[in-house]
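Remarks on the structure that follows.
The values are calculated or read from the model by the stated rules, or taken from the named source; none is laboratory data. What you see is a predicted model, and the numbers here were worked out from it, not measured in a lab. Cβ placement follows ideal geometry from the backbone for every residue including glycine, while neighbour counts extend to all protein chains displayed.
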Amino acid sequence: MKPLEGKVALVVGVANAHSIAAGCAQAFADAGAEVVMTYVNEAAKPYVQPVADAVRAQMLLPLDVEIDGQMEAVFDAIKDKYGQLDIVVHSIAYCPKDDLHGRVVDCSRAGFAQAMDISVHSLIRMARLAEPLMTKGGTILTMTYYGGEKVVDHYNIMGPVKAALEGVMRALSVELGPKKIRVNAISPGPLKTRAGSGIAHFDELINAARKRAPEKNLISIEDVGNVAVMLARDGARAVSGDVAYVDGGLHVRA
């Protein structure tokens, strides 16, 4: 029996085949889970559809977290089809370009609010909707980055945003723990994804990671997916409120 056989996994945040979320979706499918995926809009769907096909996703649903009602529709569809949900992967983040590339002290009020809404509050909303479907317990995973713990050059306002995300993750783990719902964050090292490429001087960040990581290699989306499966397995039932680093040991370097 595969480790996630009989479990239903919702993966939010696949932009294309190179996304961290795509690595998670593939790993869940390989581990036997039924995968449900979302796409942000019709322009993005052609890039997400091949991933959905590859993982044999049972549903591919629209989800723009800024559009009222779309998130509720996704969870209603899962309830109607499966009557349960076991795994949620929250792998979405956004900040307007001008605010992302500028100093934290110069971040606009509107840009900060939008970054927090999409990147952080959406996790709270997903957890609230997942809770009644996780009747036998479950796992909620979100994606963070070392820049939420230490100041990383050029990561700018997304550092405080990821710090807030990690704080929310810990609070949710305590509130949902009595229902056997575990909430954890995965912190991948720098990856050449579409989201990562939006960070200024991203190539410098990639090169520095390769040089400084103990293994002298970059990680892959498959590495992240494997850790996501590990955290979603029943054997990880005692792990909650934690940050799992998938960075080849980079985070231990001063």
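Step by step: first the residues of region 20-59, then only those that are over 20 Å from Tyr82 (Cα atoms), outside any loop (DSSP other than H, G, I, E, B) and of a type in the set (Val, Ile, Thr), then the one that is nearest to the chain's Cα centre (by Cα). Which residue is that? It comes out as Ile20. Take the conditions in a helix (DSSP H, G or I), at pLDDT 95 or above, at negative phi and surrounded by 16 or more Cβ atoms within 10 Å (Cβ to Cβ) and apply them to Ala130. Does it pass? Spelling it out, Ala130 is indeed in a helix (DSSP H, G or I), at pLDDT 95 or above, at negative phi and surrounded by 16 or more Cβ atoms within 10 Å (Cβ to Cβ). When region 64-104 is filtered for residues that are assigned to a loop (DSSP other than H, G, I, E, B) and either surrounded by fewer than 21 Cβ atoms within 10 Å (Cβ to Cβ) or without any contact (Cβ under 8 Å) to a residue 40 or more places away in the chain (or both), the ones remaining, listed by number, are Asp64, Glu66, Ile67, Asp68, Gly69, Gly83, Gln84, Tyr94, Pro96, Gly102, Arg103.
Yes/no matrix, rows are residues, columns are (1) hydrophobic (A, V, I, L, M, F, W, C); (2) modelled with pLDDT of 95 or more; (3) in contact with a Gly (Cβ under 8 Å, 6 or more places away or on another chain); (4) farther than 17 Å from Ala115 by Cβ:
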| site | (1), (2), (3), (4) |
| --- | --- |
| Thr139 | no, yes, no, yes |
| Ala163 | yes, yes, yes, no |
| Leu176 | yes, yes, no, yes |
| Ile186 | yes, yes, no, yes |
| Thr193 | no, no, no, yes |
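The set of residues in region 90-119 that are within 19 Å of Ala21 (Cβ to Cβ) and in contact with a helix residue (DSSP H, G or I) (Cβ under 8 Å, 6 or more places away or on another chain) comprises His90, Ser91, Ile92, Ala93, Tyr94, Cys95, Ala115, Ser119. Anything in region 206-226 that is under 13 Å from Ala22 (Cβ atoms) and either modelled with pLDDT under 85 or among the polar types (S, T, N, Q) (or both)? List them, or say none. Matches in region 206-226: Ser220 only.
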